[in-house]
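The values are calculated or read from the model by the stated rules, or taken from the named source; none is laboratory data. In this text the structure is predicted, and so the values were computed from the model without any measurement. We place every Cβ from the backbone using ideal geometry, glycine too, and count neighbours over all the protein chains shown.
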């Protein structure tokens, strides 16, 4: 009998069905579910894992935080303890009667490490069992049959490199987390989590927030002319762009010209390159842009891969392999009703010239591999499948082309410019609705033409601070700084949410606790917050995989570095502890106690672990308020207009709501009829329109409305579209890089 090891049950069931010569039977062996079938005339037992079946941890004598010197953890033994005992017993028992074990886990570093765990247990009962490896990038018949007909050697060094990362992350996380939590008194559920990758990532978010807080907004003014040529209306902006001097802007505005003369017309064709195929980072950026968290998007992509609908989602590659039959994939996709029209158009091309980005030698880019009807997936799964499929089509389409027109006008000595954009060929934009292309048609204009100016608008605006990072932009920044891997980055961001270091949905806002931790570390041991250290560790992982260094050597080197860090931190522990305690007390203050008048209302946790708001003067004052047990709490400066109690904001990942602390307040009268009002959190992005105040001249008392243009093509250019035209080269930089 042969044993096959899969990473998850859903993948294992599909692999079994694709390999089986006949029927696949499902049974329980040693308490674990297995799939049994005949393959090439021989019996096979496929054992699906649940990801890692062992956990890395310290021996039990180090489990007491208070009684253990955290520095001893650096050199402590690390053990791999079993977590899935039924699966482990199944592997051991099955190995006794087997001659060969084939590892068919995910073909990446983590998958190799998971496979190694299974091998270790198999060899406990059969040390002579033969080991082979199946590598594939899609769980479809062609790929599975090909990989199992040309099995390879198991890559132990690749697995050791992943284990080195797990051990280093355990040591750094445990040592730094315990140290900061102990000296700040933040124990139990409220411990201060610190990590080798997590903390430099959090520092990026906090440092961006500091930039925003330090930003000094500056006023400026813009002037727009509403023009008319033969009853076709268009907009022209003053060529000065931003007026930083209010007096000058108002002087120009006061001229109030009634007409302008066309002085120059410039036309330019622009090509908008089609996007490159999805690697993991660009896929996650696109998925977060349509409303998914990075961890949710990755989870959905993994499910689609395991069910055989899309390729492996963890890859750095942006070039389709030459042996990938693109037309064959299109022929499969044409049966998907929602894609049929677009796929047919791409199939009608004589040649397929896919776009290409950075090429690596790992898995192919993320792409669809088989057809699936919409009703076979849940709503979220379909959205991710559709995103991947439409990106695939966009990479095979033609470039988009536009003609951009700039008309320079003279209005009584003041220069204005009108800009238009005509779509010559929509190209890939017609297949990829996530990137829009607008068309703005100007009336027919020639040099020396006179144009009527109906009115001027004076816009008062303010410069905006740099936008907070979105999950997509943070993942890109993590990649640039070599923080984490394509596999771990979504989980790191999710951990920052779970530890309540960041709040908000579409943009990442650090909490006061995050500020406290990063401020203290940057002041006393900045190395812990910088990406350089963790990036060096990632390089050493590659050296383990290449056989140039051993796991033990890299873990030991990391320990020496950590000893140096802890030496610095212990010298400053009193200062760090005092700063953290002070900052954390402030971060939990909700407001003044309205009952005793002396204490502060602070967020506390009861013996059961549930959070509530209580007076700092307890037991002299027993004033308290219950709190929702889920969601991040953001303190506000508002008070309830009905009862005067403080108002807090409860944030979940996709929504937030405000509530008065008094549960019997009249503001909650409707809570029994419907759930708390959930307001969508609409954070500004870097592309959001700026705050604008329009200053207009007083209108005559009885001014007739201008008639609408009879031309269907006539449009008044909005500011958003103008920005698009002015920055056309960057319309889709995220997609085409």
| said: I'm checking my understanding of the structure. Among residues of segment 412-426 that are in contact with a helix residue (DSSP H, G or I) (Cβ under 9 Å, 6 or more places away or on another chain) and not in a strand (DSSP E or B), which one is surrounded by the most Cβ atoms within 10 Å (Cβ to Cβ)? | reply: 412
| task | Assess whether residue 123 counts as being free of Cβ contacts under 8 Å to residues at least 40 places away in the same chain and not assigned by TED's automatic domain parsing to the domain that holds residue 332. | result | yes
| task | May I ask you to verify whether residue 134 is buried (at least 23 other Cβ atoms within 10 Å of the Cβ) and within 23 Å of residue 14 (Cα to Cα)? | result | yes
| field | Tally, over segment 94-123, of residues that are at pLDDT below 95, part of a helix (DSSP H, G or I) and surrounded by fewer than 20 Cβ atoms within 10 Å (Cβ to Cβ) | value | 1
| query | Which ones in segment 508-537 are touching a residue at least 60 places away in the same chain (Cβ under 8 Å), farther than 22 Å from residue 71 by Cα and out of contact with any strand residue (DSSP E or B) (no Cβ under 9 Å at 6 or more places or on another chain)? | reply | 513, 515, 516, 519, 531
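From 102, 66, which residue is in contact with a strand residue (DSSP E or B) (Cβ under 8 Å, 6 or more places away or on another chain) and on the phi < 0 side of the Ramachandran plot?
Numbers: 66 fails: in contact with a strand residue (DSSP E or B) (Cβ under 8 Å, 6 or more places away or on another chain).
That would be 102, the only listed residue that is in contact with a strand residue (DSSP E or B) (Cβ under 8 Å, 6 or more places away or on another chain) and on the phi < 0 side of the Ramachandran plot.
Regarding segment 28-48, can at least one residue be identified that is assigned to a loop (DSSP other than H, G, I, E, B), at pLDDT 95 or above and over 30 Å from residue 187 (Cβ atoms)? Please lay out each step first, then the result.
Restricting attention to segment 28-48, the residues satisfying the condition of being assigned to a loop (DSSP other than H, G, I, E, B) are 30-31, 40-41.
Filter again for at pLDDT 95 or above, leaving none.
No: segment 28-48 contains no residue that is assigned to a loop (DSSP other than H, G, I, E, B), at pLDDT 95 or above and over 30 Å from residue 187 (Cβ atoms).
In segment 40-60, which residues are over 16 Å from residue 170 (Cβ atoms) and surrounded by fewer than 17 Cβ atoms within 10 Å (Cβ to Cβ)?
40, 41, 42, 43, 50, 51
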| task | Working carefully through the options 442, 496, 477, 456, find the one that is buried (at least 22 other Cβ atoms within 10 Å of the Cβ) and closer than 20 Å to residue 518 by Cα. | result | 496
| task | Residue by residue through segment 74-93, note down the ones that are surrounded by 16 or more Cβ atoms within 10 Å (Cβ to Cβ) and assigned to a strand (DSSP E or B). | result | 80
| request: Identify the single condition in (1) under 30 Å from residue 480 (Cβ atoms); (2) in contact with a helix residue (DSSP H, G or I) (Cβ under 6 Å, 6 or more places away or on another chain); (3) in contact (Cβ under 8 Å) with a residue 60 or more places away in the chain; (4) surrounded by 19 or more Cβ atoms within 10 Å (Cβ to Cβ) that residue 283 does not satisfy, given that it satisfies every other one. | output: (2)
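Against the condition on the phi > 0 side of the Ramachandran plot and touching a residue at least 40 places away in the same chain (Cβ under 8 Å), how does residue 188 come out, does it pass?
Working: on the phi > 0 side of the Ramachandran plot: yes; touching a residue at least 40 places away in the same chain (Cβ under 8 Å): yes.
Yes: the conditions hold for residue 188.
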| request: Would you please list the contacts, defined by Cβ atoms under 7 Å and residues six or more apart or on different chains, that run from a residue in segment 577-590 that is closer than 24 Å to residue 645 by Cα to a residue that is modelled with pLDDT of 75 or more and assigned to a helix (DSSP H, G or I)? | output: 583/516; 584/184; 584/513; 584/516; 587/512; 587/513; 587/516
| request: Please list, ordered by first then second residue, the pairs with beta carbon atoms under 7 Å, 6 or more apart or interchain, first in segment 324-348 and loosely packed, with under 14 Cβ neighbours inside 10 Å, second in a loop (DSSP other than H, G, I, E, B). | output: 327/352; 335/371; 337/373; 340/334; 344/334
| task | With respect to residue 352, determine if the residue is in a strand (DSSP E or B), over 30 Å from the mean Cα position of the chain (by Cα) and in contact (Cβ under 8 Å) with a residue 12 or more places away in the chain. | result | no
| Selection count, segment 624-651, where residues are buried (at least 17 other Cβ atoms within 10 Å of the Cβ) and not in a strand (DSSP E or B) | 4
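At pLDDT 95 or above, outside any loop (DSSP other than H, G, I, E, B) and assigned by TED's automatic domain parsing to the domain that holds residue 379: does that describe residue 300? Please lay out each step first, then the result.
Numbers: at pLDDT 95 or above: yes; outside any loop (DSSP other than H, G, I, E, B): yes; assigned by TED's automatic domain parsing to the domain that holds residue 379: yes.
Judged against the criteria, residue 300 is a match.
Does residue 329 count as at pLDDT 95 or above, closer than 25 Å to residue 145 by Cα and not in a loop (DSSP other than H, G, I, E, B)?
Details: at pLDDT 95 or above: yes; closer than 25 Å to residue 145 by Cα: yes; not in a loop (DSSP other than H, G, I, E, B): yes.
When the stated conditions are applied, residue 329 passes them.
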